[in-house]
Amino acid sequence: MKTKTFTNFSIGLWSLVLMIFMVSCTQFEDADLVSDQNDEMAVSGLENARISTSALLTPILWTGGNGGNATCADAGIYEFSSGRNNYEDGAFSMTWPEGFTVNVSVDGKSLSWSFDAPEGYCLENIAVIVKGSNSSHIYKYGPGVTGDTGLTPPMTGGKKPTVAGLSNLTFCYNLTEAPDAPTGDNQSDCLENGPLTATADAPDGATVIWYNDEFGGNVVEDPSLNVVGSVTYWAASLLFDGCESETRTPITLTLEDCGDDDGGGDDDPDTCGEETGYGGNSEGDGSAWWFYFDTQGPASQAIYAGQELTDGAVSYDSGTGMFTIDLGSWSLQDVSDPVKAQGYSTLPGSRPASGLFTLYKGSSLTFSGDGSRYYVIHLDLTKECETE
């Protein structure tokens with residue numbers, strides 16, 4: 001009798017342990033599922049897919065609707081739609097609206113997209129519905145995104161889930177008008193009053209972004225002038241990343257030497273003879289003097305000889321990458337390689353040795369850059385001294 005009682009007790013105990021283990025496993029599995037949900041989308045009944053393939057974001061898994069087909073209304077509030085485009089036998093059944101480019105992988109399980117907005121408009125936001133099997137992935141993008149790669153349909157069910165083949169594809173999107181160009185006036189002042197900084201006014205909701213060229217060019221963080229002369233910057237209106245005004249407003253800054261009676265002045269009244277020169281507005285570090293050319297600054301920058309500003313200038317064409325040197329009233333010395341240049345992605349901490357320059361050595365007043373941001377342009381200059 002005692003043996004039977006013990007046996008029954010053992011069976012009951014093991015049953016209890018097994019039940020606790022099963023409940024614990026179930027709790028762990030539920031916790032794992034919850035951790036994959038997106039709190040923001042949970043209020044809409046949408047869950048994140050468990051496989052993230054996009055280069056930019058994690059898709060939303062949609063299992064409702066007719067056979068898992070999501071609509072633009074399911075994705076959010078969008079004014080425009082490409083329509084549901086079925087994918088059969090390696091091709092879409094409809095032509096995409098103008099501006100869309102879609103590429104699908106050979107196996108039909110991955111795709112990329114891009115969109116060029118119509119003239120005068122910007123892509124404000126977009127949702128991409130990728131349908132496969134009995135559910136859809138919804139990829140939702142905010143302002144400034146005009147393309148992505150690696151989008152996939154959801155996983156299939158069953159014991160061996162895999163990425164489903166593409167069934168259909170839908171784009172839902174909103175467009176907004178590109179902002180007008182900023183307004184502003186040319187500015188001038190005396191050098192004695194300090195640096196001059198360009199200003200312009202963008203439309204409501206937009207900000208001003210400055211460039212060193214009317215088309216293309218580089219963004220200018222500090223559109224200012226601190227030497228005698230003139231420089232032109234171009235102002236664009238930026239609504240959000242990727243949405244700029246179609247045109248740019250030129251703003252010309254002019255600084256004059258107002259120190260003498262006639263309001264003018266010689267750039268280098270006392271400097272003559274043979275001097276070492278450097279092209280560029282920016283002063284280098286270290287105990288020895290030198291200047292460098294920053295290609296993200298003005299397109300035309302000053303030449304210094306013997307630490308004094310001259311009437312010469314160095315110009316940079318961002319389209320061709322060419323530098324052009326205007327010596328003004330100065331000339332090159334009759335020496336070997338009076339023009340030497342070197343490009344740098346990071347500025348030296350002190351004046352570099354021009355004899356080691358490799359980008360350009362010669363006597364030409366034009367040379368090609370190498371794509372660097374900074375350039376040290378060393379010049380051997382001469383100027384005849386005037387006698388009384």
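Each value in this text was obtained by applying a stated rule to the coordinates, not by laboratory testing. It should be emphasised that the depicted structure is a prediction, and the values quoted were computed from it without experimental measurement. Don't worry about glycine lacking a Cβ; one is built from the backbone with ideal geometry, like all the others, and counts go over all protein chains shown.
Between T146 and T358, the contour length at 0.36 nm per residue exceeds the Cα-Cα span by 72.2 nm. Working from Cα pairs under 8 Å separated by at least six residues, relative contact order for region 158-228 is 27 percent.
Output the peptides 91-104, 124-137 sorted from most to least packed, where packing is the average of other Cβ atoms within 10 Å over each peptide's residues.
The most tightly packed comes first, giving 124-137, 91-104.
Efficiency by 1/(1 + (r/R0)^6): what FRET value for T324 and E119, r their Cβ-Cβ distance, R0 = 35 Å, to the nearest 0.05? FRET efficiency, T324 to E119: 0.55. Descending by average beta-carbon neighbour count within 10 Å, the peptides 304-315, 198-209 line up as 304-315, 198-209, the highest first.
What is the mean projected area of the alpha carbon convex hull for region 36-177, to one decimal in square nanometres?
8.5
Summary value for region 196-244: 44 percent relative contact order, contacts being C-alpha pairs under 8 angstrom separated by 6+ residues. In this entry, region 179-265 is assigned a mean projected area of 5.9 nm², taken as a quarter of its C-alpha convex hull surface. Contact order, relative form, for region 266-388: 32 percent (alpha carbon pairs under 8 Å, 6 or more residues apart, mean separation divided by residue count).
Arranged from fewest to most other beta-carbon atoms within 10 Å of their beta carbon, S282, S188 become S188, S282.
The per residue volume of the convex hull around the alpha-carbon atoms of region 266-388 is 97 Å³.
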